[in-house]
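Input: a single structure, listed below in structure tokens.
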Amino acid sequence: MFSTFFSMLQNFLLLATILSSLISTTTSTLDDIESNDIDHSPFESNHIWRYEFDEVRLEMVERKGNQFVVGGQPFYVNGFNTYWLMVLAVDPSTRGKVTETFEHASAVGLTVGRTWAFNDGGWRALQKSPSVYDEDVFKALDFVVSEAKAHNIRLILSLTNNWEAYGGKAQYVKWGRAAGLNLTSDDDFFIDPTVKSYYKAHVKTVLNRVNTFTNITYKDDPTIFAWELMNEPRCLADASGNNLQSWIEEMAFHVKSIDSKHLVEIGLEGFYGTSTPDRLQFNPNTFAGQVGTDFIRNHQTLGIDFATAHIYSDAWISNTISDSHLQFTESWMQSHIDDAENLLGMPVVFAEFGVSAKDKNFSVSFRDEFIDMVYKNILNSTKRGGSGAGSLLWQLFPEGTDYMDDGYAVVLTKSTSTSNILSLQSRRIQMFNSKCSWRCHWGCRKKKSSVDGLFSQHNQL
């Protein structure tokens, strides 16, 4: 009996030694990811930072508490925006730019993209009039989704716009007026029953679309990370926020009634409203608290799965670059991470952030510093199991699309320093996801001490 026990003890000790070695190796690998490891562009074919993926079967992204999960494992986001992919995919002469965008994103390890699943009226419209669609444009959207899948990139698909670009709520109101409705404001979009029915019909059409490239219905496709109700909704006609809140409640229920599998988010910029007067101090200006949105109240809506905020210090504070931009960004991010964790109990994604080359005193070095600050704040939350779930750079461009540039374009093949920062963030998040899923089993918050050292080298950048 003693010999049997001794043999079992030997096996146990051997197993413990192996596990200890694996843990040490994982931690060492993470700690060794330093700034001097990224001297080369991720676009060099023989470089260590190039991400090569075999095509895999994607699984649905779900939410567990204040974190995203895929197949029971953590899924933190490092991603990008390129809103115009569908429009370029319509034309065979520019369709290759869609593939190129995903190739560049994949090369630096980006895993989520955000783009428009709408173009209401106007040039290359997806929806030419209520419930009337251009099949060629819909096939272009199919292509975008299929190319994302081919590059193992998930998509957040936005369903309409607050702004006039690509139609948005203004176009819906125009359609309503053309049908004889007495509409006096673009914000009637949120309250008129007929106009709301137009939007609901569009949602139903998109979610039930069968992709002509993959033969997968959108609402069943794990390539889609989440549905976004609207890009940057605002309702200036009702500063109380009641009209927009009612619309969010109605449309979140509508989306979930058609598709209960995918996550849903609103598309908010993150401004605090009247429900939390003590948080108004974190808004960039007084006006931000009067646009009818409310970060806390809106995100407490049943059917909303995660929070979003945008970061545009150069548009909200001043278009002259200064250290005040970094100070605001630090405060803005921390307040939203804290509130998502303590008040909402859900993840928060900083779904747009960037610096415009049109800003006074702009430089690539400042842009890099800004991006690096955003990433550090995400990592500080990530390593303690907090609600900071990721960020999406605004916006990624392939070469030869300068005519689409709004000032925020990042062409990775032309900016080695920026591409290296993106790649490093992707690497660290990927390594953390792997380590956390293996060791913590969703006890990251309880195992804080075991992950405190994972990203210590990040401060050397």
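Descriptive notes on the structure:
- Qualifying residue in segment 113-126 (condition: open to solvent by 30 Å² or more (accessible area, probe 1.4 Å) and closer than 29 Å to VAL374 by Cα): no
- Scanning segment 225-274 for residues that are small (Gly, Ala, Ser), part of a helix (DSSP H, G or I) and more than 16 Å from PHE295 (Cβ to Cβ) returns SER246, SER257.
- Tally, over segment 135-161, of residues that are in contact with a strand residue (DSSP E or B) (Cβ under 6 Å, 6 or more places away or on another chain) and farther than 30 Å from GLN430 by Cβ: 1
- Inclusion of LEU343 among residues that are closer than 17 Å to GLY385 by Cα, in contact (Cβ under 8 Å) with a residue 24 or more places away in the chain and over 18 Å from the mean Cα position of the chain (by Cα) is warranted.
- Lone qualifier among LYS64, LYS149 - being in contact with a Pro (Cβ under 9 Å, 6 or more places away or on another chain), modelled with pLDDT of 95 or more and under 24 Å from ASN211 (Cβ atoms): LYS149
- Among residues of segment 117-144 that are in a strand (DSSP E or B), those with a Cβ under 6 angstrom from a residue that is among the aromatic types (Phe, Trp, Tyr) and modelled with pLDDT of 95 or more, sequence gap 6+ or separate chain, pair up as GLN127/TYR133.
- Considering segment 399-429, and only residues there that are more than 30 Å from GLN73 (Cα to Cα) and among the charged types (D, E, K, R), the residue that is modelled with the lowest pLDDT turns out to be ASP402.
- Meets criteria (modelled with pLDDT of 95 or more, hydroxyl-bearing (Ser, Thr, Tyr) and outside any helix (DSSP H, G or I)) for SER331: no
- Among the criteria (1) farther than 27 Å from ASP136 by Cα; (2) touching a helix residue (DSSP H, G or I) at 6+ places or on another chain (Cβ under 9 Å); (3) in a helix (DSSP H, G or I); (4) free of Cβ contacts under 8 Å to residues at least 40 places away in the same chain, the one LEU183 does not fulfil is (3).
- Per-region count, segment 186-202, residues without any contact (Cβ under 8 Å) to a residue 40 or more places away in the chain and part of a loop (DSSP other than H, G, I, E, B): 1
The values are calculated or read from the model by the stated rules, or taken from the named source; none is laboratory data. What you are looking at is a predicted structure, and each value in this text was computed from that prediction instead of being measured. When we count neighbours, we look across all protein chains shown, and the Cβ atoms used for this are built from the backbone with ideal geometry, even at glycine. Please note that ligands, DNA and RNA were not included when accessible areas were found on the heavy atoms of the full protein model with its side chains. Shrake-Rupley method; radii C 1.70, N 1.55, O 1.52, S 1.80 Å.
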